[in-house]
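Shown next, in structure tokens, is the structure this report addresses.
The values are calculated or read from the model by the stated rules, or taken from the named source; none is laboratory data. Since we're looking at a predicted model, the values are computed, not measured. Neighbour counts run over all protein chains shown; Cβ positions are idealised from the backbone, glycine included.
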Amino acid sequence: PLNTDHQSQFTMMEAAFYHMPHASDSERMRVYLPKNICQTPAYYNQV
Amino acid sequence: MIPNQFGIVGLLTFIRAAESDPSLVSLALGQDLTALGLNLNSPDNIYLSFAGPWADSACRPQDMDHNVPPEYLINGSIREKLAPVRLNRYKEDLLFYLFYSYVGDVLQIAAAAELYSREWRYHMEEKVWISQAPGMPMVEKTSTYERGTYYFFDAHNWRKVAKEFHLDYSKLEGRPQLPAHV
Amino acid sequence: YNDPPGLQEKTEDLLRQWRNVLLSPLTEREITQNFNIYMHRMNINGILKSDDMITRFFRISAQRCIDDVYQLLAEDRLNPPVAGPKRKKYYMACDSFIKLVSLLIKNTAEASNPTPKLNLLNKILGIIAGCLLQDHEEHGTNFQQLPYHRLMLILFLDMNTSEPVLESMNYQILTAFCHTLRIVRPSVAPGFCYAWLEVVAHRAFLNRVMALTPQQKGWGMYSTLLIDLFKFLDPFLRNTELAAPVMTLYKGTLKVLLVLLHDFPEFLCDYHYGFCDAIPPNCIQMRNLILSAFPRNMRLPDPFTPNLKVDLLVEINSPPRAVINYGTLIPPSQFKKDLDAYLAARTPVTFLTELRSNIQVVNDPARRYNCQLINGLVLYVGTQAIAQIKAKGQTPNMSTIAHSAHMDIFQNFTVDFDYEGRYLFLNAIANQLRYPNSHTHYFSCCLLYLFAEANSEAVQEQITRMLLERLIVNRPHPWGLLITFIELIKNPAYKFWSHEFVHCAPEIEKLFASVARSCI
């Protein structure tokens, strides 16, 4: 069983889980051609 | 035999549980680590294009910071003063560049739509762009397919190559649709 | 506290002026060249007149950026934008403030004097960490990692560019960031754990800490950060069912370890012991991944090679790469004195009878044995045994490892401990089965000897179970594990196939048969 300390840690982790970092949070802003992720057809090349 | 989780029977319980409830044994049987979006067979280092612990694929070239001369860095304020991106004014070369490097991005679809409007067609199985080769007669044409010599865009050698194709119309992509909010 | 009157307004005004500088159509170079004009303005406002004032200015500015992001997030929650939030608006305030900080750091004092620059860097990092911990405390589950993640990461990218003024202090800059990441490590700020791993695993950070920093001087700091992460995950990984937030962090950690295995296997070789000490015993795949690392200049013989003569391999007598202080594996105590005395004289026998009580934990509901002590004891005793065998000009084999103080201790674990204690002990031994080296060789012989000399079939079953659970998990599998298991099932001396537990169920029998087929 989790002790109270770990239980409260889990609560905070779970809260953060619902607003995970986005890829662009870790990148400088692209002012000219900003990243605009979208679902492209699977048959397009993906890499 | 040992009657608890420290013996073979205990492990057998896990193995059997794995069949019924895969989420239960993720630690004990692990996952297929080759399916985590990392190119583990790459002969080169992969950390420089590692897109982070939650990404499903590697960084694209344009996602990565390169030390460029400060003049190359576009200042946020003059962004609006620069000419907007207009794909219909660009040559095919640039359209193919955008299609092949902006994977998973709106720009890939936008470039595809512009290529389509210039009579290129994307072959969904061969995964190549194809267009009519001027002056090359069609050998055969039916309601479902046509055969003849066409240009296809060879992305590895970055050029148009003439080639004989049996074009099954059902394998050619229709007009690419830009996402509603773009 | 006690900010001078008007400082808040002055700071906001200066930040606004700075935003205008950035919005002016100046190029990057012009902004840098004109920066001293802006610094002069800060000076007139008294911001640069004392260390205390700069600290206050940084704190008020950082808080301003953080509040800005919280407000934008709150607005988006109230009126969700149609086309999904454009994240870049969250970045504006943070990015422009960090640009100001970076230019201040680079332009403070002359280029050849790094100290004032590093003081400013540590100051701003301390303020970001301080605001984060205070906010984490106050906001609780409403804490937002985004502003702190953005401030820290953009500052790192700015400090990581290859500019002459930074080159001379890259190592100190990296140290400052590693210290800050320790202060806000997941067990202290669990609400920041995902952003924390984003920063720790960022390609620019990996590049700096693992590759660019000379003589691998960043590796020790990085191993400490990873151990912080394993320790945080530990209590949540002990159960078989992982909650989604835990699974996400666990899988993210696996990915980072995979990148390290692929690009920096020597790093995992060096720090494997500390990592396996912190990873819970049931995280079999993660541990296998770390133990599978081997130096890139080494060619591993296929474990399934028929008649592979392990003891004839060139590397088998060389000690492994490892950054371990063997002297401190076991904390100085009466127990350590008794252990050394027993190893030296193989008496008193009471050392053995009291061994279990020395290792058991009585006042902790989450565990009954001191796992770290078992791991340390096994490695300490094993390395002493290897040294002793080597000193006699011998190599480890079934006879040279037998009838010794070292083997007395190991056999005591098999006869005097219960199932759990024995399982943890066998795990500690199996954690040494890696690529060809003297430890892998000795501990492989050890395991096979304990199997052959076992006084009960239960011991043999547990040895088999511990090997099997490491083999049925998805790849990768450590080389030393494979050769040990193959020897066990192939060598008729161990009578492996005669045991009931080998035939207890069709799946188990099939597993053994498939391994047997692969190596015959």
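Brief remarks follow.
- Counted residues, segment C:302-331 - those being surrounded by 15 or more Cβ atoms within 10 Å (Cβ to Cβ) and either of a type in the set (Val, Ile, Thr) or farther than 24 Å from C:Lys231 by Cα (or both): 11
- The helices (runs of 4 or more DSSP H) falling completely within segment C:191-292 that include 2 or more residues that are of a type in the set (Asp, Glu) and out of contact with any Leu (no Cβ under 9 Å at 6 or more places or on another chain) map to C:265-278.
- Meets criteria (more than 14 Å from chain B (Cβ to nearest Cβ) and either in contact with a helix residue (DSSP H, G or I) (Cβ under 7 Å, 6 or more places away or on another chain) or β-branched (Val, Ile, Thr) (or both)) for C:Cys276: yes
- All positions within segment C:15-54 that are within 24 Å of B:Lys81 (Cβ to Cβ) and hydroxyl-bearing (Ser, Thr, Tyr): C:Ser24, C:Thr27, C:Thr32, C:Tyr38
- Output for segment C:301-350, where each listed residue is of a type in the set (Phe, Trp, Tyr) and over 32 Å from the mean Cα position of the chain (by Cα): C:Tyr342
- Strands (runs of 3 or more DSSP E) (entirely within segment B:50-150) containing at least 2 residues that are within 28 Å of C:Leu155 (Cβ to Cβ): none
- Matching residues, segment C:21-51, being within 17 Å of C:Ser102 (Cα to Cα), within 14 Å of another protein chain (Cβ to nearest Cβ) and either touching a Phe, Trp or Tyr at 6+ places or on another chain (Cβ under 7 Å) or part of a helix (DSSP H, G or I) (or both): C:Val21, C:Leu22, C:Glu28, C:Arg29, C:Glu30, C:Ile31, C:Thr32, C:Gln33, C:Phe35
- Residue within segment C:320-332 that is within 14 Å of another protein chain (Cβ to nearest Cβ) and either out of contact with any strand residue (DSSP E or B) (no Cβ under 7 Å at 6 or more places or on another chain) or not polar (S, T, N, Q) (or both) present: no
- Enumeration of residues in segment B:52-94 that are acidic (Asp, Glu) and at the interface with chain C (Cβ under 9 Å from one of its Cβ atoms): B:Asp65, B:Glu71
- Selection of segment C:223-246 for residues being modelled with pLDDT under 95 and surrounded by fewer than 18 Cβ atoms within 10 Å (Cβ to Cβ) yields C:Asp234, C:Arg238, C:Asn239, C:Thr240, C:Glu241, C:Ala243, C:Ala244.
- Members of segment C:121-162 that are among the charged types (D, E, K, R) and farther than 26 Å from C:Gly220 by Cβ: C:Asp135, C:Glu137, C:Glu138, C:Arg150
- Residues in segment C:197-209 that are more than 7 Å from every other protein chain (Cβ to nearest Cβ) and either of a type in the set (A, V, I, L, M) or within 13 Å of the chain's Cα centre (by Cα) (or both): C:Val199, C:Val200, C:Val209.
- Residues being surrounded by 13 or more Cβ atoms within 10 Å (Cβ to Cβ) and either more than 17 Å from the chain's Cα centre (by Cα) or among the β-branched types (Val, Ile, Thr) (or both) - total across segment B:152-162: 2
- Flag for C:Asp67 being on the phi < 0 side of the Ramachandran plot, away from every other protein chain (no Cβ under 14 Å), assigned to a helix (DSSP H, G or I) and surrounded by fewer than 12 Cβ atoms within 10 Å (Cβ to Cβ): no
- Looking only at segment A:20-47, and only at residues there that are at the interface with chain C (Cβ under 7 Å from one of its Cβ atoms) and either under 27 Å from C:Arg238 (Cβ atoms) or touching a helix residue (DSSP H, G or I) at 6+ places or on another chain (Cβ under 8 Å) (or both), the one that is surrounded by the most Cβ atoms within 10 Å (Cβ to Cβ): A:Ser26
- Complete set of residues in segment B:24-49 that are part of a helix (DSSP H, G or I), within 7 Å of chain C (Cβ to nearest Cβ) and hydrophobic (A, V, I, L, M, F, W, C): B:Leu24, B:Val25, B:Leu27, B:Ala28, B:Leu29, B:Leu33, B:Leu48
- The criterion of being without any contact (Cβ under 8 Å) to a residue 40 or more places away in the chain, under 26 Å from C:Cys193 (Cβ atoms) and surrounded by 15 or more Cβ atoms within 10 Å (Cβ to Cβ) holds for B:Ser49.
- The residues listed here are B:Leu33, B:Leu38; of these, the one that is touching a residue at least 12 places away in the same chain (Cβ under 8 Å) and within 30 Å of C:Ala293 (Cβ to Cβ) is B:Leu38.
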